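Below you'll find the structure, written out as structure tokens, and then a few comments.
The values are calculated or read from the model by the stated rules, or taken from the named source; none is laboratory data. Because the structure is a prediction, the values reported are computed rather than measured. Glycine gets a Cβ as well: all are built from the backbone with ideal geometry, and neighbour counts include every protein chain shown.
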Amino acid sequence: MYTPIPRSGSPFPGSVQTPGLHVWRVEKLKPVPVAPENQGVFFSGDSYLVLHNGPEELSHLHLWIGQQSSRDEQGACAVLAVHLNTLLGERPVQHREVQGNESDLFMSYFPRGLKYQEGGVESAFHKTSPGTAPAAIKKLYQVKGKKNIRATERALSWDSFNTGDCFILDLGQNIFTWCGERSNILERNKARD
């Protein structure tokens with residue numbers, strides 16, 4: 001089905017040939033694989049490569065650009081996309097995806113929807129000192145959309161709420177959902193997931 005290509009000096013693993021979904025986040029101008037359980041979570045300050053190898057050698061390569069990603073990261077993402085495209089024998093169809101305006105094809109890879117988080121690679125991981133308790137997580141997500149549902153991180157404030165959407169309040173140990181009276185049934189169902 002997919003023929004192996006020598007990857008001498010490639011930043012991508014040989015597994016890019018296998019069918020399925022492959023996601024990388026651009027970190028310090030290099031591709032870093034995203035664990036399957038974290039696929040669909042995107043940081044607004046980052047850029048990502050999303051490769052879907054389908055049946056009969058049909059492939060799609062998406063460059064996902066976060067609203068606050070730097071020009072350097074966007075440029076590195078484009079260069080890495082060219083490298084990956086070459087590695088795959090220029091087989092993938094390339095797409096550019098911008099946060100909040102993703103294509104239906106891109107959204108189809110994430111049946112549970114997308115989750116946007118504030119920050120980027122520098123803010124995604126917080127080190128804790130041994131013997132200290134981790135800081136309490138307090139995040140608010142707005143669940144919005146009809147066909148393609150997205151959960152976007154918002155400021156933890158009453159000003160973030162409105163009656164037309166659903167919201168998820170994540171307090172670490174406890175998670176609460178609040179649905180506005182004008183929210184649609186799809187948003188309500190997704191918020192409960």
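Couple of notes before you dig in:
Residue-wise test of (1) farther than 19 Å from Ser103 by Cα; (2) free of Cβ contacts under 8 Å to residues at least 12 places away in the same chain.
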| residue | (1), (2) |
| --- | --- |
| Ser15 | yes, yes |
| Val23 | no, no |
| Val26 | yes, no |
| Lys30 | yes, no |
| Phe42 | no, no |
| Tyr48 | no, no |
| Gly54 | no, no |
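- Restricting Ala76, Ala124 to those that are within 17 Å of Asp46 (Cα to Cα), modelled with pLDDT of 90 or more and of a type outside the set (Phe, Trp, Tyr) reduces the list to Ala76.
- Residue that is surrounded by the fewest Cβ atoms within 10 Å (Cβ to Cβ), among those in segment 152-175 that are polar (S, T, N, Q) and under 23 Å from the mean Cα position of the chain (by Cα): Ser160
- Residues in segment 1-39 that are small (Gly, Ala, Ser) and part of a loop (DSSP other than H, G, I, E, B) were compared, and the one that is modelled with the highest pLDDT is Ala35.
- Residue match in segment 21-28 (condition: over 19 Å from Gly113 (Cα atoms) and buried (at least 19 other Cβ atoms within 10 Å of the Cβ)): yes
- Failed condition for Trp178, given (1) over 22 Å from the mean Cα position of the chain (by Cα); (2) not in a strand (DSSP E or B): (2)
- When we screen Gly40, Gly66 for residues that are under 20 Å from Val143 (Cβ atoms), touching a strand residue (DSSP E or B) at 6+ places or on another chain (Cβ under 8 Å) and crowded, with 20+ Cβ neighbours inside 10 Å, the only hit is Gly66.
Residue-by-condition table, conditions (1) within 15 Å of Leu114 (Cβ to Cβ); (2) assigned to a loop (DSSP other than H, G, I, E, B); (3) among the charged types (D, E, K, R):
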residue	(1), (2), (3)
Gln67	yes, yes, no
Asp72	no, no, yes
His83	no, no, no
Thr86	no, no, no
Glu90	no, yes, yes
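- All told, Leu140 falls short of being exposed (fewer than 14 other Cβ atoms within 10 Å of the Cβ) and touching a Lys or Arg at 6+ places or on another chain (Cβ under 6 Å).
- Test: residue in segment 101-116 that is modelled with pLDDT under 90, farther than 30 Å from Glu57 by Cβ and crowded, with 17+ Cβ neighbours inside 10 Å: no
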